[in-house]
Amino acid sequence: MKVALLFAVLSLLYATDYVASTNQVIPLETFERSEVLTFPHGWKVRGDETAARTIYRIQEENGNRFLHAHAQSQGIQIGMERTFQPKEFPRLCWRWRVTQLPPGGDERHKETNDSAAGIYVIFDSHLFPRIVKYVWSSTLPVGTRVQNPVYWRLKAIVLRSGPSDVGAWHQETVNFYQDYKELFGREPEEVLAIGLLTSSDETKSVAIAGYDDFTLLTSEAPPPAERPPP
């Protein structure tokens, strides 16, 4: 159950990083402290760690380091534990790039549940958390909201779709606090972790993506300025 169980590993971490509430913009991860061609420092694996270290590696482009993901019929999650109150920091900003979509990926069905890029915000409980996932879908229209076909407390929102934006970096800013309330009909408890997944195991194909610059924002804070294209 690749989509449901990232929290199982994160709940076993021996140290929890608590996010201070003294700033309006808090960088979570830029990947600059990790060496090129290594697995990202401080991230944990759910599943085969050896395989994960071949899927997820730091790369450098024009002096900037980022996380490159290349999954070949694979679907292994990684995550970083960060604990904070979602009402204090309700928004998450990041950059991502997709260079290859898993053909036929459709997040509504278990047999096609692959996304070139996906970001998880994990809430409430280490045992049975509620999860909001943001995906770059191969086929579903932007704005689609999906009940995960495997785990009943995971709901996905399609932010980008199809090949039209492939190859370029895009910055996203989401209000996961508001999305949680709309999706689950209740006030969220703590955020426990941020995860990501590039997957192609269900479609037996290849998915390639990049991730960078994860930042928490208050309601009032403007998003970070977008980097100019290379």
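Suppose we keep only residues that are assigned to a strand (DSSP E or B) and among the small types (Gly, Ala, Ser) within segment 171-221. Which one would you say is nearest to the chain's Cα centre (by Cα)? Restricting to residues being assigned to a strand (DSSP E or B) and among the small types (Gly, Ala, Ser), the top hit is Gly195.
Filter segment 159-191 down to residues that are closer than 14 Å to Arg145 by Cβ and either in contact with a helix residue (DSSP H, G or I) (Cβ under 8 Å, 6 or more places away or on another chain) or small (Gly, Ala, Ser) (or both) and give me whichever is surrounded by the most Cβ atoms within 10 Å (Cβ to Cβ). Result: Ser161.
Among residues of segment 30-59 that are loosely packed, with under 14 Cβ neighbours inside 10 Å, those with a beta-carbon under 7 Å from a residue that is of a type in the set (Val, Ile, Thr) and part of a strand (DSSP E or B) at least six positions away or on a different chain give the pairs Glu35/Ile58; Val36/Ile58; Leu37/Ile58; Thr38/Ile58.
Quick check, is Leu92 within 26 Å of Gln147 (Cβ to Cβ) and surrounded by fewer than 21 Cβ atoms within 10 Å (Cβ to Cβ)?
On the way: within 26 Å of Gln147 (Cβ to Cβ): yes; surrounded by fewer than 21 Cβ atoms within 10 Å (Cβ to Cβ): no.
Taking the combined requirement at face value, the residue does not satisfy it.
Report yes if Arg91 is of a type in the set (Lys, Arg), modelled with pLDDT of 95 or more and closer than 25 Å to Asn175 by Cα, otherwise no. Judged against the criteria, Arg91 is a match.
I'd like to check something: does segment 97-115 contain any residue that is out of contact with any Ser or Thr (no Cβ under 9 Å at 6 or more places or on another chain), touching a residue at least 12 places away in the same chain (Cβ under 8 Å) and closer than 15 Å to Pro163 by Cβ? Yes, because at least one residue in segment 97-115 is out of contact with any Ser or Thr (no Cβ under 9 Å at 6 or more places or on another chain), touching a residue at least 12 places away in the same chain (Cβ under 8 Å) and closer than 15 Å to Pro163 by Cβ.
The values are calculated or read from the model by the stated rules, or taken from the named source; none is laboratory data. The structure presented is a predicted model; accordingly, all values stated were derived computationally and were not measured. Quick reminder, even Gly has a Cβ in these numbers, built from the backbone with ideal geometry, and neighbours come from all protein chains shown.
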